[in-house]
Amino acid sequence: MIGGAPGMGRGYVGSPWELRWEGLDLDQLQRTESTFALSNGHIGMRGTLEEGEPRGMPGTYLNGFYEEHELPYAESAYGYPEAGQTIVNVTDGKIIRLLVEDEPLDMRYGHAANHFRVLDFRSGTLRRETEWTSPTGRRVRVRTERLVSFTQRAVAAIRYEVEPLDAGIQLVAQSDLLANEPIESDTRDPRVAAALDAPLLNEYTKAERYRAVLVHRTKRSALRMAAAMDHQIETAGTLRTAIEVEDDLARLTIAVNVPLGEKLQLTKFLAYGWSAQRSIPALRAQVDAALEGALRTGWDGLLTEQRQFLDEFWASADIEIDGDPELQQAVRFSLFHVLQAGARGESRAIPGKGLTGPGYGGHAFWDTETFVLQQLTYTLPDAARDALRWRHSTLDKAKERARQLGLKGAAFPWRSINGDECSAYWPAGTAAFHVNADIADATVRYLNATQDTEFERECGTELLVETARLWASLGHHDPHGGFRIDGVTGPDEYSAVVDNNIYTNLMAQRNLRAAADACERHPDIAEALGVDHVEVTDWREAARKMRMPYDELLRVHPQFERFTEHAAWDFENTPPEKYPLLLNYPYFDIYRKQVIKQADLVLAMHLRGDAFTLEQKRRNFAYYEALTVRDSSLSATTQSVLAAECGHLELAYDYFAETALTDLHDLHRNVRNGLHMAALAGSWISIVAGFGGMRDHSGELSFQPRLPPIPQRIAFRMCFRGSQFCVEIHREFAVYQLVKGSPLTVTHYGQPVTVTEDPVAMPIPPGEELERPSQPAGRAPIRRRAPEPVAEESLPAAPIASAVHRA
Ligand code: BGC
């Protein structure tokens with residue numbers, strides 16, 4: 001067995017445009033299956049080896065395809081969600097087993113002189129090469145490449161090649177579609193485990209020549225899915241093939257004698273589809289048609305389409321970090337995975353883990369709107385629109401939930417796959433009403449960034465109106481002339497059911513105003529939604545009077561009312577192994593002390609930065625830094641953004657590194673369950689909102705760029721109102737340049753800049769020397785050190801990189 005390769009990122013080899021792992025580390029398989037996952041937002045495939053074993057946790061997912069199960073409650077009460085939903089591992093089409101003479105290719109046996117896997121961010125494929133000697137001494141080279149197509153949403157494909165290295169050899173390849181693949185359950189809840197044990201019931205099978213199709217249905221949620229495969233085979237030897245099909249297995253077997261100097265080349269085309277309504281013949285026809293399309297395009301065509309799609313993406317979204325190759329790689333890895341999660345979701349949710357693993361049951365959270373959609377709005381706006389369309393498509397359920405809770409408007413779920421609330425823990429579920437304002441905020445951001453009036457008329461206004469109605473009914477006017485929102489949980493889950501959480505209040509304020517503005521822009525839609533002048537006036541009044549508590553003594557904003565009066569958490573006597581706190585201390589104690597799981601007030605200072613002065617931000621930031629333990633992967637991003645704004649550039653870079661390396665370094669020790677989409681999007685946010693200082697309050701784009709100490713230059717690209725432009729940050733100046741579309745105006749430290757094809761350089765004012773704020777004992781981020789200098793020629797120059805250089 002070969003060990004993990006030297007280089008960067010604990011076993012990953014550094015390279016600016018790919019993620020490579022050399023050697024086979026059995027105990028690292030689960031996490032590399034997540035990082036090597038391929039997805040287009042509709043289909044997701046974990047990076048398991050083609051031969052199926054050894055494996056960590058196989059996984060193939062279809063966005064929105066889940067099984068239902070009961071939710072466990074020790075005591076029942078009104079309004080608890082009754083059913084949970086969990087993403088299903090669907091029919092696995094990745095499997096191609098190989099028999100080399102009479103030995104199955106299994107890397108736990110024999111010897112691999114060479115074995116590596118590469119996720120290529122520009123080709124959008126996962127490649128693998130293995131030189132393997134069987135226990136009986138036969139040597140073969142296996143090369144594979146697979147993709148989940150960005151351009152043909154229902155399609156995935158694998159190119160599989162085997163060549164003998166010493167002498168002619170007999171090879172038998174078995175290409176499978178396998179349903180109800182046994183997997184170890186990760187859940188401690190026996191009900192969930194039971195629901196996921198062989199969740200698929202066969203409804204139809206068919207196999208002919210090189211093609212097969214399996215149709216299955218889930219037992220309880222009654223969703224139907226079809227998976228189909230077809231093959232092209234090229235080889236010099238004489239071929240014998242057989243196809244067979246059972247309820248849960250379709251298999252094409254290919255036997256061939258391959259002479260030395262020749263190879264067996266197999267191309268496997270896969271098509272997937274699912275529906276809650278379509279019949280068996282309709283679904284079968286759908287996957288058959290998708291397969292025909294893929295065969296017509298062919299392997300080379302699929303590769304070309306994939307490359308073109310990604311070329312366009314990188315042209316509008318790339319980030320360059322000169323002088324820190326590891327973070328350069330990490331940031332592109334992040335951009336790539338967020339793209340994969342959202343590209344072709346098309347009116348389905350973007351789950352917290354994307355489609356990279358079964359973590360969080362495949363649920364979507366506020367992570368999508370608050371983190372993932374920041375990146376997508378400014379890099380692939382159509383994907384942001386589609387994710388918001390998913391929320392809109394679930395409005396009826398959200399309105400029903402609000403009604404059940406005795407509220408008006410819509411109460412969107414804290415966690416869900418199909419729009420129904422699935423959180424069984426209401427203090428950090430139902431009470432986290434801020435998800436509604438987060439959806440509204442993402443809607444406002446998208447509308448400002450795109451001026452997509454069609455979306456505004458079809459979905460946006462209604463989303464804003466129904467969420468505003470929720471706030472109007474959830475809050476109330478107090479006798480002192482303020483509008484209060486009591487008994488809610490903010491982003492920080494180490495406090496629950498609190499009064500006047502500032503984040504919630506400020507986001508609700510924006511929500512109420514945005515709804516009023518949208519109704520005034522579209523009176524016909526307002527009328528259709530039953531909004532009258534009185535309601536709009538009420539929203540504006542509630543927004544104007546929104547409570548924002550302030551601690552006069554400490555001169556900071558309490559995260560919620562009286563927070564700063566709570567007892568301090570004893571950080572000094574909390575040893576490192578007691579983190580995350582939620583697994584080691586009772587909630588009752590966590591809730592009543594000053595300890596913060598993740599940025600909350602600090603997040604308010606980012607997203608509602610217009611509600612604070614710089615002086616307030618600096619004082620608040622220092623105060624909350626000393627209390628925040630970052631037990632959530634969502635926190636470091638926001639701390640990075642605010643650290644940068646407050647002038648702590650070095651600290652901001654440390655937090656950026658933590659965000660960007662969350663999955664590559666498996667910082668939360670759970671990457672095996674899937675990647676953290678919010679943290680991945682956080683890489684983009686840290687760069688653009690942190691070091692670029694980009695803000696979009698009130699629809700204007702403003703920048704306050706500043707370079708952190710380690711990189712010599714940072715450049716990022718983004719889209720705004722149909723134009724693409726690039727911002728390049730140097731130590732003393734920043735350069736703005738239009739890449740595509742019409743010129744646009746932004747501000748640079750408050751000064752208007754017209755961005756055109758001619759680069760404009762703007763000076764960066766000198767920063768202030770500030771004292772680094774401190775964190776709870778043992779919870780400071782790792783100090784990022786400047787990497788050892790690397791010889792220029794060993795870093796391949798990227799086309800986009802050089803284009804930006806010329807700017
Ligand atoms: C965080 C939530 C987040 C969820 C899913 C939790 O640990 O506290 O804010 O939505 O994870 O990522």
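One line per residue, one yes/no per condition, for (1) more than 16 Å from the ligand (Cβ to nearest atom); (2) outside any loop (DSSP other than H, G, I, E, B); (3) surrounded by fewer than 23 Cβ atoms within 10 Å (Cβ to Cβ):
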{"site": "Glu454", "(1), (2), (3)": "yes, yes, yes"}
{"site": "Glu458", "(1), (2), (3)": "yes, yes, yes"}
{"site": "Thr461", "(1), (2), (3)": "yes, yes, no"}
{"site": "Thr467", "(1), (2), (3)": "yes, yes, no"}
{"site": "Leu470", "(1), (2), (3)": "yes, yes, no"}
{"site": "Asp492", "(1), (2), (3)": "no, no, no"}
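Hey, could you check segment 162-182 for residues that are part of a loop (DSSP other than H, G, I, E, B) and under 21 Å from Glu244 (Cα atoms) and say which is least open to solvent (accessible area, probe 1.4 Å)? Taking the candidates together, the pick is Ala179.
Might you check whether a residue that is at pLDDT 95 or above, within 16 Å of the ligand (Cβ to nearest atom), closer than 16 Å to Thr379 by Cβ and crowded, with 20+ Cβ neighbours inside 10 Å occurs anywhere in segment 696-718? No, the conditions are met nowhere in segment 696-718. Pairing each residue of segment 761-784 that is without any contact (Cβ under 8 Å) to a residue 60 or more places away in the chain with any residue that is among the β-branched types (Val, Ile, Thr) and surrounded by 14 or more Cβ atoms within 10 Å (Cβ to Cβ), provided the two are 6+ apart or on different chains, yields C-beta distances under 9 Å for Ala761/Val735; Met762/Val735; Met762/Val753; Ile764/Ile729. In the list Arg731, Arg669, which residue meets the criterion of being at negative phi and open to solvent by 10 Å² or more (accessible area, probe 1.4 Å)? The conditions single out Arg731.
The helices (runs of 4 or more DSSP H) found entirely in segment 587-674 that carry 3 or more residues being within 16 Å of the ligand (Cβ to nearest atom) are 587-591, 601-607, 635-646.
Conditions (1) hydroxyl-bearing (Ser, Thr, Tyr); (2) over 29 Å from Ala236 (Cβ atoms); (3) open to solvent by less than 50 Å² (accessible area, probe 1.4 Å); (4) modelled with pLDDT under 95, marked per residue:
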position	(1), (2), (3), (4)
Ile254	no, no, yes, no
Asn257	no, no, no, no
Leu260	no, no, no, no
Pro281	no, yes, no, no
Asp288	no, yes, yes, no
Ala294	no, no, yes, no
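Checking each residue in segment 419-436 for being in contact with a Lys or Arg (Cβ under 8 Å, 6 or more places away or on another chain) and either more than 13 Å from the ligand (Cβ to nearest atom) or acidic (Asp, Glu) (or both) picks out Gly419, Asp420, Glu421. Report whether or not Asp197 is among the acidic types (Asp, Glu) and buried (at least 20 other Cβ atoms within 10 Å of the Cβ). Considered against the rule, which asks whether it is among the acidic types (Asp, Glu) and buried (at least 20 other Cβ atoms within 10 Å of the Cβ), Asp197 comes out as no. Filtered by the rule that a residue be under 17 Å from Leu464 (Cβ atoms) and either of a type in the set (A, V, I, L, M) or within 16 Å of the ligand (Cβ to nearest atom) (or both), segment 494-526 gives Thr504, Leu506, Met507, Ala508, Leu512, Ala514, Ala515, Ala516, Ala518, Ile525, Ala526. Taking the listed residues Arg159, Arg153, the one that is out of contact with any His (no Cβ under 8 Å at 6 or more places or on another chain) and either in a strand (DSSP E or B) or in the same structural domain as Trp299 (by TED's automatic domain parsing) (or both) is Arg159, with no other qualifying. Condition first: among the β-branched types (Val, Ile, Thr) and touching a Pro at 6+ places or on another chain (Cβ under 6 Å). Can you find one or more residues in segment 40-60 that meet it? Looking through segment 40-60, at least one residue is among the β-branched types (Val, Ile, Thr) and touching a Pro at 6+ places or on another chain (Cβ under 6 Å).
Taking the criterion of being in a loop (DSSP other than H, G, I, E, B), open to solvent by less than 10 Å² (accessible area, probe 1.4 Å) and among the small types (Gly, Ala, Ser), the residues of segment 386-413 that qualify are Ala410, Ala411.
State whether the residues of segment 755-770 include one that is open to solvent by less than 50 Å² (accessible area, probe 1.4 Å), over 24 Å from Ser698 (Cβ atoms) and not polar (S, T, N, Q). No, that holds for no residue. When we screen Thr91, Thr133 for residues that are surrounded by fewer than 20 Cβ atoms within 10 Å (Cβ to Cβ) and hydroxyl-bearing (Ser, Thr, Tyr), the only hit is Thr133. For segment 422-446, the set of residues classified as open to solvent by 20 Å² or more (accessible area, probe 1.4 Å) and not aromatic (Phe, Trp, Tyr) consists of Ala424, Thr430, Val444, listed by residue number.
Do we find that Ala442 is within 16 Å of the ligand (Cβ to nearest atom), over 30 Å from Tyr587 (Cα atoms) and either in contact with a strand residue (DSSP E or B) (Cβ under 6 Å, 6 or more places away or on another chain) or touching a residue at least 40 places away in the same chain (Cβ under 8 Å) (or both) in this structure? Considered against the rule, which asks whether it is within 16 Å of the ligand (Cβ to nearest atom), over 30 Å from Tyr587 (Cα atoms) and either in contact with a strand residue (DSSP E or B) (Cβ under 6 Å, 6 or more places away or on another chain) or touching a residue at least 40 places away in the same chain (Cβ under 8 Å) (or both), Ala442 comes out as yes.
Return a yes/no flag: does segment 228-249 have any residue that is of a type in the set (Gly, Ala, Ser) and touching a helix residue (DSSP H, G or I) at 6+ places or on another chain (Cβ under 7 Å). Scanning segment 228-249 turns up at least one residue that is of a type in the set (Gly, Ala, Ser) and touching a helix residue (DSSP H, G or I) at 6+ places or on another chain (Cβ under 7 Å).
Can Ala383 be described as more than 16 Å from the ligand (Cβ to nearest atom) and part of a helix (DSSP H, G or I)? In short, yes. Look at segment 729-743: where a residue is in contact (Cβ under 8 Å) with a residue 12 or more places away in the chain and a partner is open to solvent by 70 Å² or more (accessible area, probe 1.4 Å), sitting 6+ places away or on another chain with Cβ atoms under 6 Å, you get Phe733/Pro763; Leu738/Glu757; Gly741/Gly722; Pro743/Thr754. Within segment 571-583, restricting attention to residues that are in a loop (DSSP other than H, G, I, E, B) and within 15 Å of the ligand (Cβ to nearest atom), the residue that is least open to solvent (accessible area, probe 1.4 Å) is Tyr579.
Taking the listed residues Asp524, Asp499, the one that is touching an Asp or Glu at 6+ places or on another chain (Cβ under 6 Å), surrounded by fewer than 24 Cβ atoms within 10 Å (Cβ to Cβ), more than 20 Å from Asp441 (Cβ to Cβ) and of a type outside the set (A, V, I, L, M, F, W, C) is Asp499, with no other qualifying. Does Val140 satisfy being in a strand (DSSP E or B), open to solvent by less than 30 Å² (accessible area, probe 1.4 Å) and either more than 23 Å from Lys268 (Cβ to Cβ) or modelled with pLDDT of 95 or more (or both)? Taking the combined requirement at face value, the residue satisfies it.
The number of residues in segment 254-281 that are under 26 Å from Leu201 (Cβ atoms) and polar (S, T, N, Q) comes to 3. What about Ala568, is it crowded, with 19+ Cβ neighbours inside 10 Å, hydrophobic (A, V, I, L, M, F, W, C) and either in contact (Cβ under 8 Å) with a residue 60 or more places away in the chain or within 20 Å of Thr489 (Cα to Cα) (or both)? So Ala568 does not fit the description; no. Within the set of pairs 6+ apart or on separate chains, which have a first residue in segment 379-406 that is outside the structural domain of Val331 (by TED's automatic domain parsing), a second that is at pLDDT below 95, and C-beta atoms under 6 Å apart? Cβ pairs passing all conditions: none. Which one of these is more than 21 Å from Ser149 (Cα to Cα), among the hydrophobic types (A, V, I, L, M, F, W, C) and within 16 Å of the ligand (Cβ to nearest atom): Leu373, Leu327? That would be Leu373, the only listed residue that is more than 21 Å from Ser149 (Cα to Cα), among the hydrophobic types (A, V, I, L, M, F, W, C) and within 16 Å of the ligand (Cβ to nearest atom).
The values are calculated or read from the model by the stated rules, or taken from the named source; none is laboratory data. From a predicted model like this one, the values you see are computed outputs, not experimental measurements. With ideal geometry, Cβ positions are generated from the backbone for all residues, glycine too; neighbour counts draw on all protein chains shown. Remember, those area values only see protein heavy atoms, side chains included, never the ligands or the DNA or RNA. Shrake-Rupley method; radii C 1.70, N 1.55, O 1.52, S 1.80 Å.
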